[in-house]
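The values are calculated or read from the model by the stated rules, or taken from the named source; none is laboratory data. Only a predicted model underlies this, so the values are computations on that prediction, with no experimental measurement involved. Cβ coordinates were reconstructed from backbone atoms using ideal geometry, including for glycine residues, and neighbour counts include every protein chain displayed. These area figures cover heavy atoms from the full protein model, side chains too; ligands, DNA and RNA do not enter into them. Shrake-Rupley method; radii C 1.70, N 1.55, O 1.52, S 1.80 Å.
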Amino acid sequence: YAKKSPTKPLILCEYAHAMGNSVGNLIDYWDTIDKYESLQGGFIWDLVDQTIYKTKNGIGYWAYGGDFEGSFSDNDSNFCANGLLAADRSTNPHMKEVRKVYQPIKFDEIDLSNGKVKITNNYNFRNLDHLKFSYSIIGNGEVEISGDLSSLDLSPGDEKSLTFNLFSIIPNPGVEYFLLLEVKTKNREKLIPKNHLVAWEQFRLPISRHSIPLEPGELLPVSVDFIDESIIVSGDEFDIQFDQNDGFMDQYRYRNISLLKNSLHPFFWRAPTDNDLGNGMPERCAVWKNAHENLVLQSLDTSNINNTVVINAMYLHEETQTQLKIVYSILGNGIVKIKQSLFPSGYNHPELPRFGMKMTLPKNFKYLEWFGRGPHETYWDRKTSGKIDRYSGEVWNQTFPYVRPQETGNKTDVRWMALSNGSIGLMAKGFPTFDGSVHQYSYSELF
């Protein structure tokens, strides 16, 4: 439209539907809207949920169609819960994305190797002299350098380049460094307090120093034994057990403490969101829902070379004729490197809701720490509002109680994620990143 009608303004009606876990791809819309003068913006459906608070057995919840014991003969289920805000005006997670994408100040990289970025005033009528600017250079969650910038006298639509001195940073091995810019109000204004965060941006800096890789031959040896129907890989203070019938890792013990309650296995399903229900995803993608239970083990090979036990499992999902390969490399320090590869059959099958693995830990592993986007949930198409940093919290707090249970709690661009019971932990690390989520209940409760 923008190319065909460059002089005719367009405002989009209901260009995003904020029902449940939603409002993905918002930054894509606004990159396009900012690019073309004829695109004026749009309306999100809608601002606030219209649910009603009820209690049952002393537990409060947001009620919708069907929750009123015959008081209403007609209802549209939870289609009254489409808001950026909950009915009590608390924020739903997607509101954070809207706030970030809509911020009135834009930052772009010019030459990050020399610390140069561009700032643009996207206000229509206001100068930036009512705001204060600060910056921080952060490595591994720790502030290395920080400071304040002088007031920026930028009229609406104007832009300016900023330069930061990066040469004083001496990088530590394996540490990522980020430049964080924050813009806050200087004084209290109508409805807005002093020091209110108006805008922010984060840039990954091209500053690095490689770690010296650890050679497997330098580690203590690992042994492999075949006992009954199990493969037991043992090393210093740990042993890992695989089931020869399905090839899955069903136990990891460290200092005789069991870290797995059930097996680590492939998983291809994502709990449907409200908008998924509207587009028929549960029916269309149903072939993947229990695919992990219907994998046929075709081969299982084991080798022990240079202090590394390698277990190679090949599977076939007969319904889709899809093949799956999982390679486990177990090192003498207890690290397990996992590579999972999917080989499509070439047949026309629906999209894969998820490509990953799932496991259950003992219930006392209730403490979470991660280095990735946060602190709220983020997704590949809704992560602009998630700052990359080091976060921690309890597992229960990683669930957002949407009005209707659905997919929740994902974290994206995760470098590592660790669960702990306070004395021992288990860490997953990406090569280089992954998406992950944790729940204090079975994930199947969400679908």
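Counting only heavy atoms of the protein chains, get the accessible area per residue of the chain (1.4 Å probe) and round it to a whole Å² value. Before the final figure, lay out the partial values.
Details: 24550 Å² over 447 residues.
Per residue, the chain has 55 Å² of solvent-accessible surface.
Show the residues, 5+ positions off or on another chain, whose built amide H is closer than 5 Å to the amide H of K358.
H265, F267
If you build the Cα gyration tensor of the range 1-55 and take the root of 5 times each eigenvalue, what three semi-axes come out, in whole angstrom, biggest first? Walk me through the intermediate numbers first.
Values: eigenvalues 188, 26, 9 Å².
Sorted largest first and rounded, they come to 31, 11, 7 Å.
Given the range 1-125, what percent of its DSSP beta bridges are antiparallel, to the nearest 5?
Details: 12 of 18 bridges.
Among the beta bridges of the range 1-125, antiparallel pairing accounts for roughly 65 percent.
Got a sec to turn the phi values of the range 412-417 into Karplus ³J(HN,Hα) couplings, 6.51 cos²θ - 1.76 cosθ + 1.60 with θ = phi - 60°, whole Hz, x for Gly and Pro?
10, 6, 7, 7, 8, 9
Using the Cα atoms as the points, what is the convex hull volume per residue of the range 120-235 in Å³?
Cα-based convex hull of the range 120-235, divided per residue, equals 210 Å³.
Could you work out Rg/(2.2 N^0.38 Å) for the range 367-447, with Rg from alpha carbons only? Could the numbers behind the result be given before it?
Values: Rg = 12.4 Å, N = 81, 2.2 N^0.38 = 11.7 Å.
Against the empirical 2.2 N^0.38 Å value, I get 1.06 for the range 367-447.
Can you flag which of K116/K160; K106/K383; K4/K96; K339/K429; K289/K383; K35/K118 are past 22 Å Cα-Cα?
Details: K116/K160 10 Å; K106/K383 16 Å; K4/K96 33 Å; K339/K429 12 Å; K289/K383 26 Å; K35/K118 16 Å.
Listed pairs above 22 Å: K4/K96; K289/K383.
How much accessible surface area, in Å² rounded to 10, belongs to the heavy atoms of D76 with a 1.4 Å probe?
110
Roughly how many percent of the accessible protein surface of the chain is carbon and sulfur, given a 1.4 Å probe and a whole-percent answer? Mind dumping the intermediate values first?
On the way: 12190 of 24550 Å².
Its accessible area is 50 percent carbon and sulfur atoms.
Evaluate 2.2 N^0.38 Å with N set to the residue count of the range 223-267, then give the Cα radius of gyration divided by it.
Numbers: Rg = 10.3 Å, N = 45, 2.2 N^0.38 = 9.3 Å.
That works out to 1.10 for the range 223-267.
Residue by residue through the range 350-364, which ³J(HN,Hα) values in whole Hz follow from phi under the Karplus form 6.51 cos²θ - 1.76 cosθ + 1.60 (θ = phi - 60°), with glycine and proline marked x?
So the Karplus estimates, Gly and Pro as x, are x, 4, 8, x, 8, 10, x, 9, 9, 8, 10, 9, x, 5, 7 Hz.
Just the accessible area for F447, please: 1.4 Å probe, Å², rounded to the nearest 10?
Probe radius 1.4 Å; accessible area of F447 about 80 Å².
When a/c reaches 1.5 or more, the comparison of a/b and b/c decides; with that in mind, is the range 299-447 rounded, prolate or oblate per its Cα gyration tensor? Provide the component values of the computation, followed by the final result.
Details: a/c = 1.88, a/b = 1.24, b/c = 1.52.
Oblate, since a/c reaches 1.5 and b/c is not below a/b.
Amide H of Y15 versus every other amide H placed in the peptide plane: which residues, excluding those fewer than 5 positions away on the same chain, fall under 5 Å?
Amide H neighbours of Y15: F43, W45.
Provide, in order from the shortest bin, the percent of all Cα-Cα pairs of the range 184-300 in each 5 Å bin, continuing until the bin that contains the maximum pair distance.
2, 8, 10, 10, 9, 8, 10, 11, 11, 8, 6, 4, 3, 1, 0
Please state, to two decimals, what the Cα-based radius of gyration of the range 299-363 comes to when divided by 2.2 N^0.38 Å (N = residues). Write out the running numbers ahead of the final one.
Numbers: Rg = 14.8 Å, N = 65, 2.2 N^0.38 = 10.7 Å.
Compactness ratio reported: 1.38.
Using the Karplus equation 6.51 cos²θ - 1.76 cosθ + 1.60 (θ = phi - 60°), what ³J(HN,Hα) coupling, rounded to whole Hz, does each residue of the range 103-113 give in order, writing x for Gly and Pro?
4, x, 10, 10, 10, 9, 7, 10, 8, 5, 5
Between T55, T360, T412, where does the largest GNM mean-square fluctuation fall for the chain, given springs only between Cα atoms within less than 10 Å?
T55
Could you pull out every residue, at least 5 positions away or on a different chain, whose amide H is within less than 5 Å of the one on L128? Hs are placed 1.01 Å off N in the peptide plane, and Pro or chain starts have none.
L154
Evaluate the relative contact order of the range 352-426 (contact order divided by residue number), counting alpha-carbon pairs under 8 angstrom at least 6 apart; express in whole percent. Walk me through the numbers on the way to the answer.
Working: 111 pairs, mean separation 30.3, N = 75.
Reported relative contact order: 40 percent.
For the range 195-234, state the average projected area of the convex hull of the C-alpha atoms over all orientations, rounded to one decimal in nm². Can you show the working numbers first?
Working: hull surface 33.1 nm².
That works out to 8.3 nm².
Explain nothing, just the number: relative contact order of the chain, from Cα pairs under 8 Å at least 6 residues apart, as a whole percent.
11
In the range 301-383, which trypsin sites (Lys or Arg not before Pro) are in a loop and have at most 15 other Cβ atoms within 10 Å, using DSSP for the loop call?
On the way: sites: K325, K337, K339, R354, K358, K363, K366, R373, R382, K383; in loops: R354, K363, K366, K383.
Those that pass, being in a loop and sparsely packed, are K363.
Could you grab the relative contact order for the range 166-227? Cα pairs under 8 Å, six or more apart, rounded to a whole percent.
Values: 67 pairs, mean separation 22.2, N = 62.
Relative contact order here is 36 percent.
Note down the accessible area of D88, probe 1.4 Å, to the nearest 10 Å².
90
For the chain, take every pair of Cα atoms, bin their distances at 20 Å starting from 0, and report each bin as a whole percent.
19, 48, 29, 3
Compare the peptides 262-269, 173-180 by average per-residue count of other Cβ atoms within 10 angstrom and give them in order, highest first.
Details: 262-269: 19.0, 173-180: 16.8.
Highest-to-lowest ranking by the protection proxy: 262-269, 173-180.
For the chain, what does the helix formula give at 222 nm: sum of -39500 (n - 2.57) over DSSP H segments with n ≥ 4, over the residue count, nearest 500 deg cm²/dmol? All intermediate terms of the calculation are to be shown ahead of the outcome.
On the way: 4 runs with 29 residues, N = 447.
My calculation for the chain gives -1500 deg cm²/dmol from helical runs alone.
Residue farthest toward the positive end of the dipole of the range 273-327, with Cβ of Lys/Arg at +1 and Asp/Glu at -1: which of T322, P282, I305?
I305
Kindly identify the range 88-169 as rounded, prolate or oblate by the Cα gyration tensor criterion: order the square roots of the eigenvalues as a ≥ b ≥ c, call it rounded if a/c is under 1.5, otherwise compare a/b with b/c, prolate if a/b is larger, else oblate. Don't jump to the answer; show the numbers that get you there.
Working: a/c = 2.06, a/b = 1.22, b/c = 1.68.
Verdict is oblate for the range 88-169.
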